[in-house]
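Data first, discussion second: the structure below is written as structure tokens.
The values are calculated or read from the model by the stated rules, or taken from the named source; none is laboratory data. Everything quoted here is computed from the prediction, not taken from an experiment. Neighbour counts run over all protein chains shown; Cβ positions are idealised from the backbone, glycine included. Just so you know, the surface numbers come from the protein's heavy atoms only, side chains and all, with ligands and any DNA or RNA stripped out. Shrake-Rupley method; radii C 1.70, N 1.55, O 1.52, S 1.80 Å.
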Amino acid sequence: MKVKEAIQQLRESLSPVIEAGELQAMIRVICEDVFNYDQVDVALRQDHELPDFAPERIAEIIARLKRHEPLQYVVGCARFHGHRFKVTPAVLIPRPETEQLVDLIIDENPDADLKVLDMGTGSGCIAIALARALKFAQVDALDVSRDALAVARQNAALLKTPGVRFFESDMLAPQPSACYDIIVSNPPYICWSERESMDRNVKDFEPGQALFVPDSDPLLYYKAIAHYASQSLEHGGKLYLEINQRFGNEVKHLLESCGLDDVRIIEDSFGHVRFAAARQH
Ligand code: GLN
């Protein structure tokens, strides 16, 4: 199978179900992540023969995308903060908004030797991106899911970031441990009642445990994290959270009621309330 034949087959089979611009972007990702052909390779090597596994792999990719499975699970990886992270259905696919959370932390914390904790690390994307960008940081990361931790550990190895320590632990009942300069979390924050209005590729494929909270207690994880942060942050230490845009004020009050100072609610680049930050007095 030639490069151009693979691309043609993807285009013909998927254009009835995927919009043209999105399909073009997906084909680019498939060429790069499955066959290691970047855009220049694709342009210059249209008649190049792909490896023997190509026809079978292309057929599988088409079938899975037709079932609305997210492309990142189909190809097994996702880009985050300039790196390629392995992803499986055991972990949330890292989102561009979360890159902004990482950038905010990097911008506001130029000091070296910071101790950082990522609560609910999933693929490890936040912990690993921070460990790579902050100077000599010691990064701990926890998750309740053993399968997620296995992926996160592989990512740390693949991205040659051995300094991150991973722990199996429930954010709702975290073990008392070291003092941290920075605690960060992108915990589950979507109410079950919002599920119906979500895209199929998210609600049918991404791990519900990483996404949803009961409608009766939408701040469930924030309460546990804020309480833990108020006990485990160094003086002047900082808490950074990704939040549900519906609950900015509630998160602000919660952080203040836990005794944290300088509470900020911050918008993402789309102008949506998306992050919260606070400081230990
Ligand atoms: N920390 C991971 C991320 O931001 C996982 C978050 C989660 O599972 N809720 O993508």
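Apart from one condition, SER269 fits all of (1) more than 16 Å from the ligand (Cβ to nearest atom); (2) loosely packed, with under 15 Cβ neighbours inside 10 Å; (3) under 20 Å from ALA141 (Cα atoms); the exception is (3). If the condition is being surrounded by fewer than 18 Cβ atoms within 10 Å (Cβ to Cβ) and either among the β-branched types (Val, Ile, Thr) or part of a helix (DSSP H, G or I) (or both), then the stretch 28-41 contributes ARG28, VAL29, GLN39, VAL40, ASP41.
LEU92 meets each of the listed conditions (1) outside any helix (DSSP H, G or I); (2) open to solvent by less than 60 Å² (accessible area, probe 1.4 Å); (3) more than 14 Å from the ligand (Cβ to nearest atom); (4) under 23 Å from PHE205 (Cα atoms) apart from (3). Summed over the stretch 123-141, residues that are more than 10 Å from the ligand (Cβ to nearest atom), assigned to a strand (DSSP E or B), open to solvent by less than 10 Å² (accessible area, probe 1.4 Å) and not β-branched (Val, Ile, Thr) total 1.
Please identify the pairs in which a residue from the stretch 243-259 that is farther than 23 Å from GLN100 by Cα has its Cβ atom under 9 Å from the Cβ atom of a residue that is open to solvent by less than 80 Å² (accessible area, probe 1.4 Å) and assigned to a helix (DSSP H, G or I), counting only partners at least 6 apart or on another chain. Partner pairs satisfying both residue conditions: SER257/ALA226; CYS258/ALA226; CYS258/ALA229; CYS258/SER230; GLY259/SER230. In the stretch 209-225, the residues that are over 16 Å from GLN245 (Cα atoms) reach residues that are β-branched (Val, Ile, Thr) and buried (at least 18 other Cβ atoms within 10 Å of the Cβ) with C-beta atoms within less than 9 angstrom, at least six apart or across chains, in these pairs: ALA210/VAL91; ILE225/ILE183. Selection of helices (runs of 4 or more DSSP H) fully inside the stretch 177-281 by the criterion of at least 1 residues being β-branched (Val, Ile, Thr) and closer than 28 Å to PHE166 by Cα returns 200-203, 220-232, 248-257. Within the option set ILE93, ILE106, being closer than 23 Å to CYS179 by Cα and of a type in the set (Val, Ile, Thr) holds for one residue only, ILE106.
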